Amino acid sequence: MLVNILAAAATTFDPEAATQAYLATVKGAARVKSDGYFEGGYWLILWGAIVAILSDFIILQSRLSARFRDWATRVCKWRWLVPALYVIPYTIIGTLIMLPWTIYTCFIREKQYDLMNQSFADWALDQSKGLGVGIISAAVMFVIIFAVIRKSPKLWWLWGAVAMSAVLALTVMISPVYLAPLFNTYTEMKPGPVRDRIVAMATANHVPAEHIYVFDASKQTKRISANVSGLGPTVRISLNDNLLNRTTPAQTAAVMGHELGHYVLGHIPRMMAMFTVLFLLAFWLLSRIAPAIIARRGERWDVHGISDPAVIPLFGILATTFLFVLTPVTNTMVRINESEADAFGLEAAREPDGFAQTALAISEYRKLEPGPIEEALFFDHPSGATRIRMAMNWKAAHLAEVEAKAKAK
């Protein structure tokens with residue numbers, strides 16, 4: 001009997017028509033603004049890579065890199081620590097070279113599209129914090145890489161990739177506790193129906209929910225966001241205040257169901273495994289290409305070999321090129337996980353309309369209806385149209401339940 005009821009109900013609901021009705025609500029200037037912001041980002045990928053490569057090339061060609069190495073060698077008697085000292089001037093000078101680009105892309109452009117809530121002073125303070133974190137992270141990373149190069153000149157690429165995977169895992173573990181609070185204030189979510197529902201979904205799916213945090217992203221941006229972050233003992237559920245203040249309880253539940261999906265489906269360890277493969281490929285290419293370039297240009301740059309910290313900008317050029325070429329691959333890796341989390345979230349929250357409405361809210365900064373090739377190349381999340389269509393197909397398959405729930409309200 002239930003099958004007959006569902007079949008009869010399904011005939012009254014057209015998921016494609018419902019999808020198009022949702023998409024039609026974002027039109028005119030709002031659609032032009034959304035498309036313009038996101039499509040402009042395609043060029044930022046290219047120009048960002050070019051600017052980063054030029055920055056490293058300037059540091060190499062001017063022999064600044066060699067000077068940074070010489071300074072670090074003079075002030076430090078321990079060879080293993082030289083790369084850590086080197087990255088201090090290297091990171092600062094590189095940041096200054098790229099500063100006009102960073103100001104435009106991360107502040108001016110965000111202001112132009114009405115997505116930025118910070119003053120320039122507050123934004124600069126966050127950037128300074130990021131610079132400090134970057135210096136410490138780079139120091140640790142390059143100490144490890146050059147130690148591996150010295151210990152294993154032939155297989156350093158293999159052990160270097162393994163070491164970087166370990167550093168990535170450690171970073172994922174400590175970020176929620178030690179890094180994220182540098183930029184935002186995290187407080188326990190207040191008791192209430194929204195929290196109760198998140199806890200219920202988390203408990204039903206065996207996600208740790210002793211603590212649920214709200215962070216004050218509204219001081220920086222208008223974007224809505226949430227996450228289940230960390231590893232092992234540091235796993236925590238967090239959502240930003242924009243999500244609470246700019247969406248309905250149904251939308252919040254839909255977003256949190258999606259985020260719980262990342263945890264339940266093991267996307268964090270899966271992504272770390274995928275990036276380990278990319279690390280292996282990247283380090284292997286570095287071990288083959290960098291020595292050949294040093295043989296031709298090393299004397300001009302005063303770079304003495306692969307174990308010389310002055311080679312770091314060359315590593316940067318090659319890594320930036322590698323990541324740029326692989327952008328469609330990494331986007332697809334992430335997009336697949338996001339699509340799986342979408343499907344999980346629909347089952348967990350059972351809020352297809354809330355999910356669709358959230359996709360519309362995100363259209364402030366993400367193009368709603370890209371072409372198939374465009375979505376495959378440039379989207380690291382499913383497009384709004386793809387997400388709304390998934391939600392409406394789910395609704396069609398569960399229409400009796402959705403309608404009964406609506407009547408109960």
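The values are calculated or read from the model by the stated rules, or taken from the named source; none is laboratory data. This one's a predicted model, so the numbers in the text were calculated from it and none came from an experiment. Cβ atoms come from the backbone with ideal geometry, glycine included; neighbour counts cover every protein chain shown. Accessible surface areas use protein heavy atoms only, side chains included; no ligands, DNA or RNA. Shrake-Rupley method; radii C 1.70, N 1.55, O 1.52, S 1.80 Å.
Quick look at the numbers
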{"item": "Filtered residue count, region 104-127, keeping only those that are open to solvent by 70 Å² or more (accessible area, probe 1.4 Å) and of a type in the set (D, E, K, R)", "result": "3"}
{"item": "Criterion: without any contact (Cβ under 8 Å) to a residue 40 or more places away in the chain and either buried (at least 16 other Cβ atoms within 10 Å of the Cβ) or outside any helix (DSSP H, G or I) (or both) - qualifying residue of Ala163, Ala138", "result": "Ala163"}
{"item": "Selection within region 11-29 - in contact (Cβ under 8 Å) with a residue 40 or more places away in the chain and either among the aromatic types (Phe, Trp, Tyr) or assigned to a helix (DSSP H, G or I) (or both)", "result": "Phe13, Pro15, Glu16, Ala18, Thr19, Tyr22, Leu23"}
{"item": "Residues satisfying the stated conditions in region 96-135, i.e. in contact with a Gly (Cβ under 8 Å, 6 or more places away or on another chain) and without any contact (Cβ under 8 Å) to a residue 60 or more places away in the chain", "result": "Trp101"}
{"item": "Matching residues, region 281-318, being surrounded by fewer than 17 Cβ atoms within 10 Å (Cβ to Cβ) and among the aliphatic types (A, V, I, L, M)", "result": "Leu281, Leu285, Ile289, Ala292, Ile293, Ala295"}
{"item": "Filter pass, Glu374 being touching a residue at least 60 places away in the same chain (Cβ under 8 Å) and surrounded by 15 or more Cβ atoms within 10 Å (Cβ to Cβ)", "result": "no"}
{"item": "Matching residues, region 378-409, being without any contact (Cβ under 8 Å) to a residue 60 or more places away in the chain and farther than 14 Å from Pro15 by Cα", "result": "Phe379, Asp380, His381, Pro382, Ser383, Glu401, Ala404, Lys405, Ala406, Lys407, Ala408, Lys409"}
{"item": "Counted residues, region 46-78 - those being under 12 Å from Pro309 (Cα atoms) and either in contact (Cβ under 8 Å) with a residue 60 or more places away in the chain or in contact with a strand residue (DSSP E or B) (Cβ under 6 Å, 6 or more places away or on another chain) (or both)", "result": "6"}
{"item": "Matching option when the condition is part of a helix (DSSP H, G or I), more than 24 Å from Ala349 (Cα to Cα) and either β-branched (Val, Ile, Thr) or without any contact (Cβ under 8 Å) to a residue 40 or more places away in the chain (or both), among Ala282, Ala290", "result": "Ala290"}
{"item": "Residues being open to solvent by 30 Å² or more (accessible area, probe 1.4 Å), among the hydroxyl-bearing types (Ser, Thr, Tyr) and touching a helix residue (DSSP H, G or I) at 6+ places or on another chain (Cβ under 7 Å) - total across region 250-278", "result": "1"}
{"item": "Filtered residues of region 320-342 (kept if among the acidic types (Asp, Glu) and over 14 Å from the mean Cα position of the chain (by Cα))", "result": "Glu340, Asp342"}
{"item": "Some residue of region 226-238 being closer than 23 Å to Met173 by Cβ, among the charged types (D, E, K, R) and touching a Phe, Trp or Tyr at 6+ places or on another chain (Cβ under 9 Å)", "result": "yes"}
{"item": "Residues located in region 210-232, provided they are outside any strand (DSSP E or B) and either touching a helix residue (DSSP H, G or I) at 6+ places or on another chain (Cβ under 8 Å) or buried (at least 17 other Cβ atoms within 10 Å of the Cβ) (or both)", "result": "Asp216, Ala217, Ser218, Lys219, Gln220, Lys222, Arg223, Ile224, Ser225, Gly230, Leu231, Gly232"}
{"item": "Test for Ile198: is it part of a helix (DSSP H, G or I), closer than 30 Å to Phe38 by Cβ, in contact (Cβ under 8 Å) with a residue 12 or more places away in the chain and open to solvent by less than 40 Å² (accessible area, probe 1.4 Å)", "result": "yes"}
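A quick yes/no check of all residues on (1) β-branched (Val, Ile, Thr); (2) at pLDDT 95 or above:
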{"site": "Val325", "(1), (2)": "yes, yes"}
{"site": "Gln357", "(1), (2)": "no, yes"}
{"site": "Asn393", "(1), (2)": "no, yes"}
{"site": "Leu399", "(1), (2)": "no, no"}
{"site": "Ala408", "(1), (2)": "no, no"}
